[in-house]
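We did not get these values from a lab; they are worked out from the coordinates using the rules stated. Keep in mind the model is a prediction, meaning the values are calculated, not measured. No Cβ is skipped: glycine too gets one built from the backbone with ideal geometry, and neighbour counts run over all protein chains shown.
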Amino acid sequence: MKSKNLGLALAMLSASSALAATALAPVPAAQKPGFDRIREGDLRADLGFLASDGMQGRMSLQPGDEAAIQWVAAEFAKAGLKPAATDARGAASFFQPVPLLEYRPNTAANSLTLTTGTATQSWKFPDFTGGYKNDLDLSAPLVFAGYGITAPGIGYDDYQGLEARGKIVVVIEHEPQENDPKSRFGGTGNTRHATNRVKALNAQAHGALALIVLAEPNRKHPSNIDRVNRIGGSIRRVPGLPAQALLDDDLNIPILTVNDKLAASLLAGTGSTPQALQAAIDANLTPQSRSLPGISLAIHLENSVRSRGFSSNVVGLLPGSDPKLAAETIIISAHHDHDGFTGPDIYHGADDNGSGTVGVVTMARAFAANPVKPKRSILFVVFAAEERGLLGAYHLARQPLRPLATTRAMINFDMIGRDETASEQTDGLITIPADTSNRLNLIGAGYSPDFDAVVKAANASVGLTLDDRFDKDNALNIFFRSDQFPFVLNDIPAFWFFTGFHPDYHQTTDTADKINYAKMTNILRLSYLSAWRFGDDAAVPAFVRDPPGAK
């Protein structure tokens, strides 16, 4: 009997010790009022409004999105934020105008024509996809520029010894050695060199007239075009969504993506095959770039519809409390637009990205409600036209309202409301844990381990399961699919907080009733505590320009 009692006592002691070990750390008293202001009931009410039928899916340049813009600005004002922009008359404003050009490529007329000596070959959609904001006719010699990457910090340059001025450049998607955990290109995860926009800017800097992108010939995952087509929903709408571009963009050459058969024809003059060229580069990071003498490509692009308009980044400022550090900035962001509607079908965008929009507004209220303010200033931003290509974020990064050089950290919310579950887009491409009901994906740790450490320390008071799977992904292009990416390009420690994909992604069924509000509340509480650390700590997160692979 005594032995049984002793065993029971030991078991109870062990359970008590385990409970104590997992107990949450207390929230600092000075931050507690704002922490407690983050309430599940408010999230339900706000997201129910933003994702309602009346908001018409919040398509960029459409009335529903304009209503969302006005709502965010009104909530910023109620919270007591200061307008962070100025209007055309010089008055303070919550709106940073984002000038856009909307266009619809005429796929029936657009064409590529390859000339080799006296022989010609021509192609139309769907052998190639893409378009350009302006109608275009050009013909120029072809050059092959490997992966199209110039990365001095890694000691790699596809343009070394290659004359690309006045040429059309052909490049391979992604980056070398992407399946090698020890690759100097950040191991198996994408780095900022992997995106087509960065490749196009690099080609433009070398004088190129256009960029042609081919899927990796030796790929072990779907091409980017195949991945997009797996999403379904709004991607497969007929007619499709119009494209949008910034009127004042830094990028001013077209990007076209070609299928494997067309790619083989374009590179036939290299004396090799696309597969062999990629393999030679990947073997030891030796560029295989070359000109293609006697070969030219004619590009004809026209648009059936073309119009101009303005959307807005909604911007509010919480001034820092320290006279010196108030000049420095922390950004908390999301995007307000989604995919609109077609007839009776409304793409509600509750998770994508009503959840993030509500998250930024909630954070503004929390900091405003807290009597004590962080030392550094916080810029709250809800971006325009993310779904059309991160356009509002690129615009703010190009025309910042606060100096980028003293922007110390950025927390970006995009889809923070659901439990990750299997979907057609992700099937076979990423492993999804069995239970994601308390899980938050953090994207960006390679570029700032310091940022990652701050969030993990703050999580001691919240208890979420933090996950870095997507930092190791190279199939889904996650790293450059949300608004933190333009700021990573500007060497700012910036993370995307993301709860993962689900079958309702970009479907009409992405509705507010499917949100995990308890988890969303905890994500925002973690974000609040993390932002406090970024805003108050003497040390700021360092930025790693070229994340190394595994040792």
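If the chain were replaced by its equivalent ellipsoid, with semi-axes equal to the square roots of 5 times the Cα gyration tensor eigenvalues, what would those be, largest first, whole Å?
Numbers: eigenvalues 351, 158, 104 Å².
Square roots of five times the eigenvalues give 42, 28, 23 Å.
Calculated FRET efficiency, residue 218 and residue 29, Cβ-Cβ r, R0 41 Å, to nearest 0.05?
Working from the Cβ atoms, E equals 0.10.
Would you mind checking the radius of gyration and Dmax of segment 382-493 based on alpha-carbon positions, in Å?
Both quantities, over Cα of segment 382-493: 15.1, 43 Å.
Equivalent-ellipsoid semi-axes (√(5λ), Cα gyration tensor) for segment 217-363, whole Å, largest first?
For segment 217-363, the ellipsoid semi-axes come out as 40, 25, 18 Å.
With viscosity set to 1.567 mPa s at 4 °C, what whole-number translational diffusion coefficient in µm²/s follows for segment 495-551 from Stokes-Einstein and a Kirkwood radius over Cα pairs?
87
With a Cα-only, solvent-free Debye model of segment 287-439, what are the log10 I(q)/I(0) values at q = 0.15, 0.21 Å⁻¹?
-0.97, -1.31
What per residue convex hull volume, in Å³, comes out for segment 15-135 when only alpha-carbon positions are used?
Cα convex hull per residue, to the nearest whole number: 337 Å³.
Compute the relative contact order of segment 166-218 as a whole-number percentage, counting only Cα pairs closer than 8 Å that sit 6 or more residues apart in sequence. Spell out each step's value before the answer.
Numbers: 74 pairs, mean separation 25.8, N = 53.
Normalised by residue count, the contact order of segment 166-218 is 49 percent.
Positive end of the charge dipole of segment 28-74 (Lys, Arg +1 and Asp, Glu -1 on Cβ, about the Cα centre): tell me which of 38, 54, 71 has its Cα farthest that way.
38
Nothing charged except the Cβ atoms of Lys and Arg (+1) and of Asp and Glu (-1): what's the magnitude of the dipole of segment 327-410 about its Cα centre? Round to the nearest 20 debye.
The calculation lands at about 760 debye.
Ranked highest first by the average count of other Cβ atoms within 10 Å around their residues, in what order do 311-321, 153-163, 204-214 fall?
Per-residue mean Cβ counts within 10 Å order the peptides as 311-321, 204-214, 153-163.
Dividing the alpha-carbon radius of gyration of segment 124-253 by 2.2 N^0.38 Å (N being the number of residues), what value is obtained?
Segment 124-253 yields a ratio of 1.13.
When the dipole is taken about the Cα centre of segment 341-498, and only Lys, Arg (+1) and Asp, Glu (-1) are charged at their Cβ, what size is it in debye, to the nearest 20?
Its charge dipole is roughly 980 debye.
Could you tell me the relative contact order of segment 52-117? Use alpha-carbon pairs under 8 Å, at least six residues apart, and round to a whole percent.
14
Return an integer: the convex hull volume of the alpha-carbon atoms of segment 39-100, in Å³ per residue. Can you show the working numbers first?
Values: hull volume 5.9 nm³, N = 62.
Convex hull of Cα atoms, per residue: 95 Å³.
For every helix of n ≥ 4 consecutive DSSP H residues, a contribution of -39,500 (n - 2.57) applies; sum these over the chain, divide by its total residues, and give [θ] at 222 nm rounded to the nearest 500 deg cm²/dmol.
-8000 deg cm²/dmol
Can you find, among 346, 357, 397, the residue farthest towards the positive end of the dipole of segment 338-399? Put +1 on the C-beta of Lys and Arg, -1 on that of Asp and Glu.
Positive-end residue among those listed: 397.
If the reach is capped at under 26 angstrom between alpha carbons, list the lysines near residue 167, excluding any in the same chain fewer than eight residues apart.
124, 133, 199, 261
Taking the simple approach of a point 7 Å from Cα along Cα-to-Cβ for both residue 539 and residue 40, what is their distance in nm?
Inter-label distance under the simple model: 3.6 nm.
Taking the mean number of other Cβ atoms within 10 Å as a proxy for protection, how do you rank 137-148, 110-121 from highest to lowest?
On the way: 137-148: 21.1, 110-121: 14.5.
Packing proxy ranking, top to bottom: 137-148, 110-121.
Over the Cα atoms of segment 172-223, what Rg and Dmax result, in angstrom?
11.9, 35
Could you give each residue of segment 58-64 its phi-based ³J(HN,Hα) in whole Hz, using Karplus coefficients 6.51, -1.76, 1.60 with θ = phi - 60°, and x for Gly or Pro?
6, 6, 3, 6, 10, x, x
Would you mind pulling out the separation of the Cα centroids of segment 485-551 and segment 364-405, in Å?
What the calculation gives is 14 Å, centre to centre.
Nothing charged except the Cβ atoms of Lys and Arg (+1) and of Asp and Glu (-1): what's the magnitude of the dipole of the chain about its Cα centre? Round to the nearest 20 debye.
So the magnitude is around 1100 debye.
Pairing the Cα long axis of helix 2-22 with the longest principal axis of the chain, what angle in degrees results, from 0 to 90 and rounded to the nearest 10?
With both axes taken from Cα atoms, the answer is about 50 degrees.
Write down the Å³ per residue value for the convex hull defined by the alpha carbon atoms of segment 210-277.
Each residue corresponds to 126 Å³ of Cα convex hull volume.
State, to one decimal in nm², a quarter of the convex hull surface area for the C-alpha atoms of segment 326-372, i.e. the direction-averaged projected area.
The Cα convex hull of segment 326-372, projected and averaged over all directions, gives 4.4 nm².
To the nearest 0.05, how large is the calculated FRET efficiency for residue 70 and residue 247 if R₀ is 25 Å and r is the Cβ-Cβ distance?
Result of the calculation: an efficiency of 0.65.
Taking the mean number of other Cβ atoms within 10 Å as a proxy for protection, how do you rank 191-202, 401-412 from highest to lowest?
Working: 191-202: 22.1, 401-412: 20.4.
Ranked from most to least packed, the peptides come out as 191-202, 401-412.
Positive end of the charge dipole of the chain (Lys, Arg +1 and Asp, Glu -1 on Cβ, about the Cα centre): tell me which of 331, 190, 244 has its Cα farthest that way.
Going by the charge dipole, the pick is 331.
Normalised by the number of residues in the chain, what is the relative contact order in percent for Cα pairs under 8 Å and 6+ residues apart?
In percent, rounded to a whole number, it is 22.
Over all directions, what mean area does the Cα convex hull of segment 102-169 project, stated in square nanometres?
Result: 6.8 nm².
Please give the net charge around residue 321, taking every other residue with its beta carbon less than 13 angstrom from that of residue 321, where Lys and Arg add +1 and Asp and Glu add -1.
Spelling it out: positives minus negatives among the neighbours equals +1.
Got a sec? Which residues in segment 200-219 would a label at residue 120 touch, if it sits 7 Å along Cα→Cβ and we count backbone N under 13 Å?
Residues passing the 13 Å test: none.
Between residue 78 and residue 404, 0.36 nm times their residue separation minus their Cα-Cα distance comes to what? If you can, show how the numbers build up before the last one.
Values: separation 326, 0.36 × 326 = 117.36 nm, distance 2.72 nm.
Additional length available on full extension: 114.6 nm.
Gain in length, residue 490 to residue 228, computed as 0.36 nm per residue apart minus the alpha-carbon separation, to one decimal in nm? Kindly include the intermediate steps, with their values, before the conclusion.
Details: separation 262, 0.36 × 262 = 94.32 nm, distance 2.69 nm.
So the extension gain works out to 91.6 nm.
Stretch residue 422-residue 514 to full length: gain in nm at 0.36 nm per residue minus the Cα-Cα span?
Answer, rounded to one decimal: 31.6 nm.
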